[in-house]
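Read the structure below first, then the notes.
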């Protein structure tokens, strides 16, 4: 996998983990499925510990971390380690990271190569996951 893409995915997943820890520490129970999240009675907008704001949407959530916003969706079994090129690009634009890609099209090109090589696997609905067999 392209090293810039790998670094971006690692940074993104680290930010998602930070967001998940904040949700849990703030008393929000993690869902067992994306449908459970969508149907939960959690307020659409709110504040987590330390004044961190969040926005609940559909199957996911955007959390406005100090280092930049991260937007993620829960997968069919409640997993939160999925992503797509759009989310990665949005994260790159919002995070205080050195620019890894010059353009969204460059990112999409490398993302497509990683899918074609089997390093990323498609969930069947929006999200992609790292293929551990290629790690």
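The values are calculated or read from the model by the stated rules, or taken from the named source; none is laboratory data. Please read all numbers here as calculations on a predicted model, not as lab measurements. Every residue, glycine as well, gets a Cβ built from its backbone with ideal geometry; the counts of neighbours run over all protein chains shown.
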Exclusive hit being within 19 Å of residue 90 (Cβ to Cβ), surrounded by fewer than 19 Cβ atoms within 10 Å (Cβ to Cβ) and free of Cβ contacts under 8 Å to residues at least 60 places away in the same chain, set 53, 49: 53
Hits in segment 20-33 (condition: in contact with a helix residue (DSSP H, G or I) (Cβ under 7 Å, 6 or more places away or on another chain), outside any helix (DSSP H, G or I) and either surrounded by 17 or more Cβ atoms within 10 Å (Cβ to Cβ) or at pLDDT below 95 (or both)): 31
Conditions (1) touching a residue at least 24 places away in the same chain (Cβ under 8 Å); (2) over 16 Å from the mean Cα position of the chain (by Cα); (3) over 15 Å from residue 73 (Cβ atoms); (4) surrounded by fewer than 17 Cβ atoms within 10 Å (Cβ to Cβ); number of the one not met by residue 36: (3)
Positions within segment 115-135 being touching a helix residue (DSSP H, G or I) at 6+ places or on another chain (Cβ under 9 Å), within 18 Å of residue 10 (Cβ to Cβ) and in a strand (DSSP E or B), in sequence order: 120, 121, 128, 130
Cross-chain or 6+ apart pairs with Cβ under 6 Å, segment 103-127 first and at negative phi and free of Cβ contacts under 8 Å to residues at least 24 places away in the same chain, then in a loop (DSSP other than H, G, I, E, B) and surrounded by fewer than 12 Cβ atoms within 10 Å (Cβ to Cβ): none
